[in-house]
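Comments concern the structure below.
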Amino acid sequence: MIFSRKILFVDDEESQIELMQNIFIRMGYDAEFAKSAKEALEILDKEDISIILTDLQMPEMDGIELCRRIREKGSEVVIYGFSGNFLGVDSDHLEDIGFDGLLWKPVGLKVLKRAIEGAFEKIDRRREAHEWNIN
């Protein structure tokens, strides 16, 4: 069960990572950053992450394969796809794979904040249900 409030942002573009670092600092979120899906999996093995925002199109392993691998492990982390390419993106297919939502680049700050806060609320409800079932 997830109990942290940490975000992992995954994107192969340095400019996107720098932008999100600044945004997360301004919004007060604790975040980790990965430049590849492989690096993201390594972080997930070491860190307690609540939310993942991952670019869908990356070399070697894309965000879709990253999501599949995370779900195969049984993780309940909230995963948002993050893409600037509208072509070929089927949100129903992404949901079937295990994504919790999809954000479009460039994402507005209000939309991003709403998505993150909604994810933390979902996590809090899961935790409360889990705690209630234990007691």
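Each value in this text was obtained by applying a stated rule to the coordinates, not by laboratory testing. Keep in mind it's a predicted model, so treat the numbers as computed, not measured. So basically every Cβ, Gly included, is an ideal-geometry build from the backbone, and we count neighbours across all protein chains shown.
Evaluate the distance, in nm, between pseudo-label points positioned 7 Å from the Cα of residue 126 and of residue 48 along their respective Cα→Cβ axes.
Result: 1.4 nm between the two label points.
Whose amide H sits under 5 Å from the amide H of residue 9, counting only residues 5 or more places off or on another chain, with H placed in the peptide plane?
Hits under the 5 Å cutoff: 32, 33, 34, 53.
Once you keep just the Cα pairs under 8 angstrom separated by 6 or more residues, what percentage relative contact order results for the chain?
24
I need the phi-derived Karplus couplings for region 114-121: 6.51 cos²θ - 1.76 cosθ + 1.60, θ = phi - 60°, integer Hz, Gly and Pro marked x.
Those phi angles translate into 5, 5, 5, 5, x, 5, 5, 5 Hz.
Taking H as built 1.01 Å from N, whose amide H comes closer than 5 Å to the amide H of residue 57, not counting residues under 5 places away?
For residue 57, the qualifying residues are 63.
Please give the peptides 64-75, 47-58 ranked by average Cβ packing (other Cβ atoms within 10 Å per residue), highest first, as a rough proxy for protection.
47-58, 64-75
Quick one: if you take sqrt(5λ) for each eigenvalue of the C-alpha gyration tensor of region 6-134, what semi-axes come out, biggest first, whole angstrom?
Values for region 6-134, descending: 21, 17, 15 Å.
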